[in-house]
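The structure appears below as C-alpha cells.
What follows draws every value from the coordinates through simple rules; no lab data is involved. Given the structure is predicted, the values throughout are model-derived calculations rather than measurements. Methodologically, a virtual Cβ is constructed for each residue, glycine included, from the backbone with ideal geometry; neighbour enumeration extends over all protein chains shown.
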Amino acid sequence: MKVLFALAEAFPFIKAGGLGDVGGSLPKALQSEEVETTVIMPRYSSIPHKLFKGCKCLGSFDIYLSWRKVEYKVLELYHEEVRYLFIENEFYFNREKLYGYEDDGERFAFFSLAVLEALGQISYQPDIIHCHDWHTSLIPLLLKEKYAGSEFHKSIKTVLTIHNLKHQGVVPGHYFDDVLGLSNHTNAFAKLEYYGNLNFFKGGILDADFLTTVSPSYALEITHPYYGETLDGVLRWRFKDLIGILNGIDKSKFDPRTDENIKVKYKSSYNKKMENKTWLQKSLGLPVDKNIPVIAFISRLVEQKGVDLINHIMEELLVHEVQVIILGTGEARYEEALRYFESKYHDKMRGMIMYDEAFAHQLYAGADILMMPSKFEPCGLSQMIAMSYGTIPVVRETGGLKDSVIPYNKYTGVGNGFSFANYNAHEFLFTLKEALRIYTDDKEGWNKVFKQALNTDFSWKKSAELYLQCYRNLVGI
Ligand code: ADP
C-alpha cells in the first residue's frame with residue numbers, strides 16, 4: 001500500500017507545534033512491509049540547508065492557478081528511511097515565517113494543487129493521500145471535482161486528519177474562480193461555501209473518504225458547538241466516518257536515557273532527574289534547591305493553551321515556595337505578561353520568550369510539574385513528552401489530555417498526573433496545590449506518580465495499528 005502524507009510541517013525539517021512532531025514521526029512508524037509512506041510538504045526557505053544534503057531535483061513543472069501560470073520544482077530526499085518530496089516555489093515559500101501571511105490561503109491552495117499535479121508529473125500513484133489540517137484539506141475536494149475525469153487520479157482515496165479545528169483556511173469567495181479555477185463546479189461551491197466566504201476545512205471534511213482526529217475525546221467534542229468551531233454540524237453529518245486516534249511520540253527523540261540535549265541522562269532514577277533540575281536552576285540564575293518544586297509550561301502562547309488561567313493565578317501561586325518557568329512564544333499580550341511576572345518575581349519566575357528545541361528538552365527533564373490547563377486540546381504532546389521524563393502533568397480534562405492523563409488517586413495509588421474538569425482558574429490552582437501538597441508531604445505518593453508517568457506507553461505502536469486498519473478498510477484489503 002502506498003500512502004502519501006500531504007502536510008505543512010514535519011520535524012526535523014520544520015515544526016511550529018504538534019503537527020510537526022506527528023509529521024516527523026507517524027510516517028516513520030507506519031513504514032513497514034505492508035505500507036510504503038512518502039511525505040510531501042512545501043520547501044520553506046527556513047528549512048536549514050544542511051538537511052538538504054543528497055537531495056535530488058525530480059523536475060521543474062508548471063501549474064495554472066486559474067489563468068496564472070506558476071512554476072514549481074519537486075525535490076526528493078530520504079530521511080530516516082522515509083521518502084520526502086518537497087514542492088519548491090520562491091514566491092509562496094521563501095518567507096521568514098511558516099504561517100501568518102495574508103495570502104496563507106492562496107499559498108496552501110497552490111500547494112494542494114501542486115501535490116496533485118506533481119503526482120502525474122513524477123508518475124507516483126499512491127493508493128491513499130493522507131491529508132492533515134486545513135492546509136491540505138482541499139486535496140479531497142479537488143480530487144472529487146477537478147480531477148474527477150483523470151484516469152491517473154481516479155482510484156486514489158483520501159484520509160483527512162483534524163489536528164486542530166480552530167484554523168480552517170477561510171478565504172474570500174473570489175478564490176473559487178481566481179485561485180482554484182473551479183468556476184464550472186457548482187457542487188464544489190456548495191461544499192466550500194461558508195458565510196459568503198470559502199472554508200477549505202469544510203470542503204475537506206465533506207469530501208474526504210475517511211476522517212480522523214487526534215484523540216477519541218476530541219472526536220466526540222468537535223461534534224458539539226462548544227468545541228466544534230462552527231463546523232460541528234458538518235462533523236455530525238460525517239460522524240460515522242470519523243474516529244479519534246491518540247497521537248504517539250517519537251521515543252527516539254524524547255528519551256531521557258539517550259537525550260543528548262539534557263545534562264544528566266537517566267532511566268528511572270529520581271536523583272539523576274534532580275541533577276537536571278539543579279543544573280536548570282543554576283543556569284537560569286534561580287535559587288538552587290532540589291526541594292523547591294519547579295513548575296514548567298512549554299507551549300505556544302495562545303488562548304487555546306489556557307494562558308489566561310495561568311496569568312490569573314500566577315501571583316497566588318508564587319506566594320508558595322515554587323519556581324515557575326515558562327517557555328513559549330505567541331500573542332504579544334501573553335509575552336508582555338511574562339516579562340511583567342519575571343521582573344516582579346525575579347527569584348521565582350522565568351519567562352523564556354523563545355522557541356528553543358534543546359532548552360525545551362532541558363526543561364522537560366529538569367521540571368517536576370508541567371501545567372497544561374488548555375481551553376481545548378485536540379491531543380497535546382507536551383504532557384506525553386513530560387511524562388516520558390518523569391515530569392508530572394497537571395491538565396484540564398479535555399481532548400487528548402483527558403485520554404492520556406489518569407488523575408492520581410491517593411487512596412488507590414493509581415494515576416500518572418493530576419487533572420481538573422472546568423475551565424476555571426481556581427479549580428486549576430486548587431489542583432496544582434494538591435499536586436504540590438503530595439510533592440512536599442507525601443514522598444511515597446509522589447514517587448508512585450513519577451514511576452507511573454515514566455512507565456506510560458506513548459509509543460506509536462497502538463495508534464499506528466489503528467491508522468493501518470483505516471487504510472486497509474479504504475483500499476478494501
Ligand atoms: P500544539 O501542537 O497545539 O502547539 P502540542 O502539545 O501538541 O501543542 O505540541 C507542542 C510541541 O511543540 C511539543 O513538542 C513542545 O515541546 C513544542 N514546543 C512548544 N513551544 C515550544 C518552544 N517555545 N520551544 C520549543 N519547543 C516548543
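Between Ser343 and Asp177, what is the FRET efficiency for a Förster distance of 45 Å, r being their Cβ-Cβ separation, to the nearest 0.05?
Details: r = 53 Å, r/R0 = 1.18.
E between Ser343 and Asp177, to the nearest 0.05, is 0.25.
Taking the Cα atoms of the stretch 270-454 alone, what are Rg (to one decimal) and Dmax (as a whole number) in Å?
14.8, 44
Could you point to the residue in Ala6, Gly445, Leu141 farthest towards the positive end of the chain's charge dipole, with +1 and -1 charges on the Cβ of Lys/Arg and Asp/Glu respectively?
Gly445
Among DSSP bridges having both ends in the chain, what percentage is antiparallel? Round to the nearest 5. Mind dumping the intermediate values first?
Working: 22 of 68 bridges.
That works out to approximately 30 percent antiparallel.
Assuming R0 = 25 Å, can you tell me the calculated FRET efficiency for the pair Gln121 and Ser46, based on Cβ-Cβ distance, to the nearest 0.05? If you can, show how the numbers build up before the last one.
Details: r = 26 Å, r/R0 = 1.02.
Computed FRET efficiency for Gln121 and Ser46: 0.45.
Is the stretch 150-212 best put as rounded, prolate or oblate by its Cα gyration tensor, with a ≥ b ≥ c the root eigenvalues, rounded for a/c under 1.5, and otherwise prolate when a/b is larger than b/c, oblate when not?
Values: a/c = 2.26, a/b = 1.10, b/c = 2.05.
Cα axes put the stretch 150-212 in the oblate bin.
Using only helices, what value at 222 nm comes out for the chain when you add -39,500 (n - 2.57) per DSSP H run of length 4 or more and divide by the total residues, to the nearest 500 deg cm²/dmol? Show your work: numbers first, answer last.
Details: 19 runs with 183 residues, N = 477.
The helix-only estimate for the chain comes to -11000 deg cm²/dmol at 222 nm.
Dividing the alpha-carbon radius of gyration of the stretch 158-295 by 2.2 N^0.38 Å (N being the number of residues), what value is obtained? All intermediate terms of the calculation are to be shown ahead of the outcome.
Details: Rg = 23.3 Å, N = 138, 2.2 N^0.38 = 14.3 Å.
Compared with the compact-globule rule of thumb, the stretch 158-295 sits at 1.63.
What lysines does Lys144 reach when the alpha-carbon gap must be under 19 Å and sequence neighbours fewer than 8 apart in one chain are set aside?
Result set, ordered by chain and number: Lys154, Lys157, Lys191, Lys202.
Restricting attention to the stretch 417-447, which chymotrypsin sites (Phe, Trp or Tyr not before Pro) occupy a DSSP loop and are surrounded by at most 12 other Cβ atoms within 10 Å? Kindly include the intermediate steps, with their values, before the conclusion.
Numbers: sites: Phe418, Phe420, Tyr423, Phe428, Phe430, Tyr439, Trp446; in loops: Tyr423.
Of the chymotrypsin sites (Phe, Trp or Tyr not before Pro), not one in the loops of the stretch 417-447 has a Cβ with at most 12 other Cβ atoms within 10 Å.
What translational diffusion coefficient, to the nearest whole µm²/s, does the stretch 369-446 have by Stokes-Einstein, given a Kirkwood radius computed over alpha-carbon pairs, a temperature of 37 °C and 0.692 mPa s viscosity? Could the numbers behind the result be given before it?
On the way: Rh = 12.4 Å.
Estimated diffusion coefficient is 266 µm²/s.
What is the distance in Å between the Cα centroid of the stretch 18-87 and that of the stretch 396-413?
38
Does anyone have the angle between helix 307-318 and the longest principal axis of the chain? Alpha-carbon axes, 0 to 90°, nearest 10?
The two axes meet at around 10 degrees.
Would you mind checking Lys50/Lys166; Lys15/Lys166; Lys272/Lys375; Lys15/Lys50; Lys273/Lys451 for any pair whose Cα atoms are more than 23 angstrom apart? Display every interim value, and only then the final one.
On the way: Lys50/Lys166 34 Å; Lys15/Lys166 18 Å; Lys272/Lys375 34 Å; Lys15/Lys50 16 Å; Lys273/Lys451 12 Å.
Flagged as over cut-off: Lys50/Lys166; Lys272/Lys375.
Are any of the pairs Lys97/Lys290; Lys28/Lys348; Lys53/Lys251; Lys97/Lys277; Lys69/Lys305 more than 31 Å apart by Cα-Cα distance, and if so, which? The partial results should precede the final answer.
On the way: Lys97/Lys290 39 Å; Lys28/Lys348 41 Å; Lys53/Lys251 25 Å; Lys97/Lys277 33 Å; Lys69/Lys305 41 Å.
Too far apart for the 31 Å limit: Lys97/Lys290; Lys28/Lys348; Lys97/Lys277; Lys69/Lys305.
Applying 1/(1 + (r/R0)^6) with R0 = 30 Å to the Cβ-Cβ distance of Arg472 and Phe11, what FRET efficiency is obtained, to the nearest 0.05? Before the final figure, lay out the partial values.
Details: r = 27 Å, r/R0 = 0.91.
With R0 = 30 Å, the Cβ-Cβ based efficiency is 0.65.
Cut-off is 10 Å between beta-carbons; in what order do Tyr175, Tyr64, Tyr270 appear when sorted fewest neighbours first?
On the way: Tyr175 20, Tyr64 11, Tyr270 15.
Neighbour counts put them in this order, fewest first: Tyr64, Tyr270, Tyr175.
With everything on Cα atoms, drop me the angle between helix 270-283 and the longest principal axis of the chain, reported from 0 to 90° to the nearest 10.
80
Please enumerate, by chain and number, the aspartates and glutamates with C-alpha under 13 Å from the C-alpha of Lys146, excluding those fewer than 8 residues away in the same chain.
By straight Cα distance, Lys146 reaches Glu117, Asp177, Asp207.
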